[in-house]
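Asks: Take this structure first; my questions come after.
The values are calculated or read from the model by the stated rules, or taken from the named source; none is laboratory data. Given the structure is predicted, the values throughout are model-derived calculations rather than measurements. Ideal geometry is used to build each Cβ from the backbone, glycine not excepted, and the neighbour counts take in all protein chains shown. Keep in mind that these areas ignore ligands, DNA and RNA; they rest on the heavy atoms of the full protein, side chains included. Shrake-Rupley method; radii C 1.70, N 1.55, O 1.52, S 1.80 Å.
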Amino acid sequence: MQRLLRLFLSHIRYKIIVPYLALMLLVTLAGAAIALALTAASWQERLTEQLKQIARNSSTALLQRERDHLAFLYLVALAQPNPEVGAPSMPDAFASGDPLTIKKAVAPLYDYQRQFKDTLDVDRFIAFDSTGKAFFDWQRAPEGDAPPTEIAGTNLGALPDIQRVLRSTPADRVDKYANLIELEANAEPYFYTVVPVVKNGKVLGGVFVGIKIDRMLKLFEKTSQSVVTNYYGNDGAPLGSSLLQRDGELPSYGMRQEILDRLKADKTGSVFDTVMLRGRNYEFAYSPLVVAQAQVGYFSVALSSDFQAESLSLSRNAVLVITFALALGAVIVGYLIARSITHPLGELVSTAEAVAGGDLERRTDIRSRDELGRLGVAFNQMTTHLLKLYTTSRDLTTKIDVDAVLSVSGETARSLLDGVEVCALLHQHGAWAYRVPKGASAGLTRLASVELADDAPLLLALADAHEPRLVAGDDPLLAASGLSDIAQFQHLLLTPLQIKDALVGVLIFGHQRPAAFTPAELPTLIATANMSASVLYNALLYTQTYEESSERKAILQSIADGVVVVDTDGVVVLANDAAQQILERDLAALIGVPFGSIEMEDAAPRQDMFGESRTVAGHYRMGLRTITLSRAPVIGEAGEQRGEVIVLHDITAEAQVDEAKTDFIATISHELRTPLTPIYSYIELLQRGIYGDMNDDQREVLGLIHGRTEQLRDLINNIVMVASIQSNTLATEPEPLDIGAVIDSTVAPLQRAIEKKGLKLTVEIAPDLPQVLSDREQLRLIITQLVDNARRYTSAGGITIQAYQAEDQVQVDVADTGMGIPAERLGRMFTRFSRIEGNNSPERGSGLGLAITKQLIERQGGQVWVQSEVGAGSTFSFVLPLADRQIDAVAETEAKNAAA
């Protein structure tokens, strides 16, 4: 005994297995006893619940049978004429009172219902008149498919439900009834349904269908799973059964008084009882029988109790066998458990001794998932993490590229935890964007297109952070960051990059599994993140410096204009390819050369509308090239000037185009006007009768030709004017003018055309109106365009011209009573080819007049605008500067230039 005790105390396996086996045996025996008790109770409960369900199924089947009867009866009662058999509608057949006619109308429907043997196929079909007397009474043949047997002399008038049907009116809510009935004395009861046949609100009779209870109960068994189903009257007397013979057995199995009393006390529940039937025990469930929301008796469903006993016996044997198997298994499992503990312990001891001797590559081979396995994994992870930190530090020190840093960090993280992905959120090029390494997953790659604002919740939360932070995927902090919804990260380690307490980036370790970063690998991940963040910042600075240098060089070389940078002494220090081509020197011949030493010929300066030289960038000639030159200082951070940027723009092509435009306008002016002048002159001579008298038709046609010629002349003049303005070849010679005199002389030739349309022209010139500074011919053209435009679009009323002083300008208003301009069109009235839609007048202009007017007025320092209301006319207004004020301004400018 003492030897066994010493053996027990000297081995940890015995300390584990003996208590374990004793406890397992006790638990197994107790469990077997409880299982037997629960099994017995469970079988009884299952039987009770099954009977309740069968009772519900039986009630549902009876309700469905009632619905099927009603559907069929309404089909019969509302049947329409049947031309195929020559039968009238059912109400008309009943109204005829002829049994043969009614049979002819009913026969197809009766044959139709017989094909539904499980849901319809009634045993009795009676059509009766308004007194309850049967027109005919059909009884289903025993063979089923044979024609029905007709029973004579049937009268249902004494039945209460029949009387209620015959007395029903359209105002009654209920005109259909169902119940149990014995049509003959001591005969098998029927479950019947009856509805009236009505015509024009009058009950002509009704139709009655019924099915024998025994047959109906046998049909119910197919769906209710009941072994026995019985129907009883309200007194408990048996009415029918799906199993018991009606003549011999059924009368002996009425309901016991105790069952009746319990059902009457609780009309909504079921009462259970065990009954010996044909030598076997059956478990019965009794319930009220409700038809058409009224209790007409009781019914019962039953299952055999012997099946329960047999099942309980099988369960008891199975429990005993399982108990023995568990006891045997407990011994085997106890041994395996003891061995699973002692063997890993020995492995851990051996590995710990090797690591203590300096072998950091040594690993334990424990693969269990218990505490010992976790201890072995933790031990392996500890040495692995140390090696990883060493190799990661060594690899990171050789990287200066952001992608390379992210790749090394990702490899290290994935070696610690599979599935980890690494990216960085960096502030580059004025925006926060994600940087992902090459070979990243699809979700992480899509993250590269996401940008965050400076006030993103993620950035605000990390702005003052100095330590790595763990964040779950459902954290609101990640809202709109793309980390959870695009990259599908569910657990993240965020390491901020801080420089002088400013957030410049975030190193992100992410995993798509929730709570992926466990305490086992988290310390090493954090150490890796800290090392990577430091190296990442250096790589970021290098990348930014390199990109900025490359970007500046690429931008400089991609500029189409020549760019030359000189220092404070004017010596060239940088020049792009375009500058080398324009100056016809390579880079080596430009660097170190004073820019002022490069020979350039001044081009003639352009004159503006007032004859003054422009102060824009200078124009120079270099051989066949014409260039413009502009300068801008290079200012340092301290505000000092470090040099100058000189931009050379080659405008040779533009100069050639301007010259071509000038030649074209000169040609077109001559070629178009030359043939038009004699045409116009000869038309006027014809109109004056120089070449003989003309009749009215000829004079009318010639007038149309004259009008069209004027339109063509105006169009050509407008086109030439637009081209002249566009090419800057239109000469503008402003001089002091009496605008009243110009208006009078301009409108005089237009008076005839205005009066010809029946319009009145009114000119109102303010007294003592000062002179304006304007080109006389261009001012006449402006007034002509505005007045002629008013004449074209005014059909009645008149045109009013007003001139008056408005502060330091003279304003001229040309108002008409024409059709007006829609508000949405006002902003486009002074654009080329803009005309009012819907105006089909033959005098519509080309759409150039107002555009020319606007440009001519603005060339003379004025402004033009329009005010209009649809149906009330339009007012075109323009202002021109006063002559005295403009002359003073020019004199002041010349004095300043002379002083300079």
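Asks: What percentage of the solvent-accessible surface of segment 732-888, computed with a 1.4 Å probe over protein heavy atoms, is contributed by carbon and sulfur atoms? Can you show the working numbers first?
Replies: Numbers: 3500 of 7510 Å².
Carbon with sulfur: 47 percent of the solvent-accessible area.
Asks: Cross-link list Lys176/Lys264; Lys133/Lys199; Lys104/Lys133; Lys176/Lys222; Lys117/Lys202: which exceed 25 angstrom alpha carbon to alpha carbon?
Replies: Working: Lys176/Lys264 27 Å; Lys133/Lys199 18 Å; Lys104/Lys133 19 Å; Lys176/Lys222 28 Å; Lys117/Lys202 34 Å.
Beyond 25 Å: Lys176/Lys264; Lys176/Lys222; Lys117/Lys202.
Asks: In addition: Hey, can you rank 735-741, 161-167, 693-699 by average C-beta count inside 10 Å, highest first?
Replies: Averaged packing, sorted descending, gives the order 161-167, 735-741, 693-699.
Asks: Here is a follow-up. When Lys and Arg each count +1 and Asp and Glu each count -1, what net charge do the other residues less than 11 Å away from Val275, Cβ to Cβ, add up to?
Replies: Working: positive: Arg256, Arg278, Arg280; negative: Asp273, Glu283.
Result for the local shell: +1.
Asks: Rounded to whole Å and sorted largest first, what semi-axes of the equivalent ellipsoid does the C-alpha gyration tensor of segment 402-535 yield via the square root of 5 times each eigenvalue?
Replies: On the way: eigenvalues 76, 54, 47 Å².
For segment 402-535, the ellipsoid semi-axes come out as 19, 16, 15 Å.
Asks: Right, here's the next one. Once phi is turned into θ = phi - 60°, what whole-Hz ³J(HN,Hα) does the Karplus curve with 6.51, -1.76 and 1.60 give for every residue of segment 105-122, x standing for Gly and Pro?
Replies: Working through the residues one at a time gives 6, 7, 3, x, 6, 5, 5, 4, 6, 5, 6, 9, 5, 8, 10, 9, 6, 6 Hz.
Asks: Just need the Rg to Rh number for segment 402-472, please, alpha carbons only, Kirkwood Rh. Working shown, then result.
Replies: Details: Rg = 13.1 Å, Rh = 13.5 Å.
Answer for segment 402-472: 0.97.
Asks: Sum up the charges of everything whose Cβ sits under 14 Å from the Cβ of Val634, counting Lys and Arg as +1 and Asp and Glu as -1, but leave Val634 out. Before the final figure, lay out each step's value.
Replies: On the way: positive: Arg552, Arg631, Arg642; negative: Asp567, Asp569, Glu637, Glu640, Glu644.
Once positives and negatives cancel, what remains is -2.
Asks: Per residue, what accessible area does segment 402-535 have, given a 1.4 Å probe and all protein chains present, in Å²?
Replies: So segment 402-535 comes to 42 Å² accessible per residue, rounded to a whole number.
Asks: Show me, for segment 523-533, the HN-Hα J-couplings you get by feeding each phi into the Karplus relation (A = 6.51, B = -1.76, C = 1.60, θ = phi - 60°), rounded to Hz, glycine and proline as x.
Replies: Taking θ as phi minus 60°, the curve returns x, 5, 4, 5, 4, 4, 4, 5, 5, 5, 4 Hz for segment 523-533.
Asks: Next question. What residues have an amide H closer than 5 Å to that of Leu761, excluding those fewer than 5 places away on the same chain, when H is modeled at 1.01 Å from N in the peptide plane?
Replies: Ile799
Asks: Hey, what do the phi angles of segment 399-404 turn into as Karplus ³J(HN,Hα) couplings, whole Hz, using 6.51/-1.76/1.60 and θ = phi - 60°, x for Gly and Pro?
Replies: 9, 10, 9, 4, 4, 5
Asks: Given H placed 1.01 Å from N in the peptide plane, which residues other than close sequence neighbours of Tyr177 have an amide H under 5 Å from its amide H?
Replies: Placed amide hydrogens put Val194 under 5 Å from Tyr177.
Asks: Explain nothing, just the number: relative contact order of segment 185-264, from Cα pairs under 8 Å at least 6 residues apart, as a whole percent.
Replies: For segment 185-264, the relative contact order is 21 percent.
Asks: Quick one: net charge of Thr60's neighbours, Cβ under 11 Å, K/R +1, D/E -1?
Replies: Within the 11 Å Cβ shell, the charges total +2.
Asks: Sticking with this one: Would you please give the residues with an amide H less than 5 Å from that of His491, counting only those at least 5 places away or on a separate chain, with H modeled from the backbone geometry?
Replies: Result for His491 returns Gly473, His511, Arg513.
Asks: Under 8 Å for C-alpha pairs, at least 6 residues apart: give me the relative contact order for segment 467-524, rounded to a whole percent.
Replies: Relative contact order comes out at 32 percent.
Asks: Using every Cα-Cα pair within segment 732-888, state what percent have a distance larger than 22 Å.
Replies: 38 percent
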